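Q: Sharing a structure, written as structure tokens. Questions coming.
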Amino acid sequence: MTTYPTIRQVVLDSTDARGLAEFYRKMFGLSYRPGDEPPATGEPDELGRDWLVLRSPAGVQLAFQQTEAFARTTWPDAEVPQQYHLDTAVDSVAELDRQHERALELGATLRFDRSDDKEEPLRVYADPDGHLFCVFVG
């Protein structure tokens with residue numbers, strides 16, 4: 001019988017792991033893995049300077065790895081390709097519009113808007129570190 005590795009999570013490099021984790025926690029309603037929560041006010045954030053994990057109720061995990069530098073994608077310009085992106089979905093165009101406002105309020109930057117497409121309305125955003133994620137109706 002053939003066995004295969006199990007994909008556990010997607011890992012995002014960041015020059016501010018805690019800040020990026022907080023963006024995704026708020027944007028997608030994720031929770032910290034026990035022990036990865038932010039420290040009390042005024043306490044040092046040792047984990048936030050290294051590695052953090054967020055979990056969704058569906059079992060999807062996002063991890064954040066602190067790095068010295070990160071080349072932000074310039075997509076749709078090809079100078080620095082997108083490298084990867086997250087696909088997320090909502091149930092309606094009204095919800096797509098609501099999530100658009102939330103994404104911008106949380107610090108995302110709109111990179112591509114196809115929200116008027118009849119077959120697959122979508123928007124593509126860059127998170128505060130420049131990683132891309134899509135929100136589409138589907």
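Read the figures in this text as sums done on the coordinates, not as results from a lab. Everything numeric in this text was worked out from a predicted model, so none of it was measured.
Q: How many percent of the alpha carbon pairs in the range 10-66 exceed a separation of 12 Å?
A: Of all Cα-Cα pairs in the range 10-66, 60 percent lie more than 12 Å apart.
Q: Under 5 Å between amide H atoms, partner at least 5 residues away or on a different chain: which partners does residue 114 have, H built in plane at 1.01 Å?
A: Counting only residues 5 or more places away or on other chains, the set is 122, 123, 124.
Q: What fraction of the Cα pairs in the chain, stated in percent, has a spacing above 24 angstrom?
A: 36 percent
Q: Another question, then. Percent antiparallel among DSSP beta bridges with both residues in the chain, to the nearest 5?
A: 60 percent
Q: Would you calculate, for the chain, the mean residue ellipticity at 222 nm contributed by helices, counting each DSSP H stretch of 4 or more residues as -39,500 (n - 2.57) and dividing by all residues, to the nearest 500?
A: Computed mean residue ellipticity for the chain: -6000 deg cm²/dmol.
Q: Across the range 76-82, in residue order, what do the Karplus-derived ³J(HN,Hα) couplings come to in whole Hz, using 6.51 cos²θ - 1.76 cosθ + 1.60 with θ = phi - 60° and x for Gly and Pro?
A: So the Karplus estimates, Gly and Pro as x, are x, 5, 7, 3, 10, x, 5 Hz.
Q: Taking every DSSP beta bridge with both residues inside the range 85-137, roughly what % is antiparallel (nearest 5)? Mind dumping the intermediate values first?
A: Numbers: 10 of 16 bridges.
Within the range 85-137, antiparallel bridges account for around 60 percent of the total.
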